[in-house]
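Q: Attaching a single structure in structure tokens format; questions to follow.
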Amino acid sequence: MTQETGGLMICLKALHLSAFASRLQETTATAESQGWSYQQYLQYLAELELEDRRQSRIERLRKASGLPGDKTLASLDTGALPERVKKILPSLCEGHFLERSENIVAFGLPGRGKTHLLCAIGHELVRCDHPVLFIPAYRLVQKLLIAKRDFNLEKALKKLDRFEAVILDDIGYVQQDREEMEVLFTFLAERYERGSVLISSNLVFSQWDKIFKDSMTTAAAIDRMVHHCVILELNGQSYRNQEAQKRNAVSPPRGDDDGRGADLKPDDHMAEAEVDAQK
């Protein structure tokens, strides 16, 4: 490295042009051998810097999102999705619904892939440079209750405004008292027409009175969700049942030595659990 190059590298690092600096010598050699103009040379290095910054930002967004790393579009079994869901999935992954602050609600019994589907969309939104937050419903409620107790609820809600999409997972499992119901409703009301909410639920809208308890609050919450909303219904076979059946096909379950339990299969338990979830 010449003295001139060394001085330039110091300047580039001081300007925080890390990609520019790391590819300088390689790009200089290419430019000289191919006879690039000064403008071509500078534009190429500037584009490298911009792409490096974009990738760094996406990685920061991914870490801040809380999205499960294994629930991506690549690992999603799109062939098992209902035709309507499969058809609109690509457009949802492009994120245009965020511009209109539209919501997404994925309904279905346990094991239908609701969480995986919304997380896959979330990962694609992050790749498109959109801030996303994934959080289980019970955890969000807990955080908001603590903020309310400490007189910081407004501040906590404003922090959530930084995310263009909030994925609220398993809202149907939240069993709220009045205070919990109130902070959840406050969150949905504050996001209305200001930011997108993606919800997975094993309870259809007609059963949301189990979540909000009060009929007026339930109606108001549903009204805010469905005004600008895409509804995804996942009504296929349970993924967990399918996986259990595959495991059984490879290694059939054995009963006790005296033969008791030999006919009991893991998917029998799954079926019972799903019936209980509907009650």
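The values are calculated or read from the model by the stated rules, or taken from the named source; none is laboratory data. Worth saying up front: this structure is predicted, and the values here are computed from it rather than measured. No Cβ is skipped: glycine too gets one built from the backbone with ideal geometry, and neighbour counts run over all protein chains shown. Remember, those area values only see protein heavy atoms, side chains included, never the ligands or the DNA or RNA. Shrake-Rupley method; radii C 1.70, N 1.55, O 1.52, S 1.80 Å.
Q: What pairs can you find where one residue is in region 52-73 and exposed (fewer than 14 other Cβ atoms within 10 Å of the Cβ), the other is part of a loop (DSSP other than H, G, I, E, B), and their Cβ atoms are less than 8 Å apart, with a gap of 6+ or different chains?
A: Cβ pairs passing all conditions: 54/129; 57/129.
Q: Okay, moving on. Report whether or not residue 48 is of a type in the set (A, V, I, L, M, F, W, C), open to solvent by less than 90 Å² (accessible area, probe 1.4 Å), at negative phi and not in a loop (DSSP other than H, G, I, E, B).
A: Yes; evaluated as a whole, the condition is true for this residue.
Q: Among helices (runs of 4 or more DSSP H) lying entirely in region 112-210, which contain 2 or more residues that are out of contact with any strand residue (DSSP E or B) (no Cβ under 6 Å at 6 or more places or on another chain) and in contact (Cβ under 8 Å) with a residue 60 or more places away in the chain?
A: Answer list for region 112-210: 114-127.
Q: Here is a follow-up. Just to verify a result, which residue in region 112-129, among those that are open to solvent by 10 Å² or more (accessible area, probe 1.4 Å) and in contact with a helix residue (DSSP H, G or I) (Cβ under 6 Å, 6 or more places away or on another chain), is nearest to residue 66 (Cα to Cα)?
A: Going through the qualifying residues, I end up with 124.
Q: Considering each residue of region 1-45, count those that are farther than 29 Å from residue 125 by Cα, of a type outside the set (S, T, N, Q), part of a helix (DSSP H, G or I) and touching a residue at least 12 places away in the same chain (Cβ under 8 Å), and give that number.
A: Number satisfying all stated conditions: 7.
Q: Which of the residues belonging to region 218-240 are surrounded by fewer than 20 Cβ atoms within 10 Å (Cβ to Cβ), in contact with a helix residue (DSSP H, G or I) (Cβ under 6 Å, 6 or more places away or on another chain) and modelled with pLDDT of 90 or more?
A: Those that are surrounded by fewer than 20 Cβ atoms within 10 Å (Cβ to Cβ), in contact with a helix residue (DSSP H, G or I) (Cβ under 6 Å, 6 or more places away or on another chain) and modelled with pLDDT of 90 or more: 222, 224.
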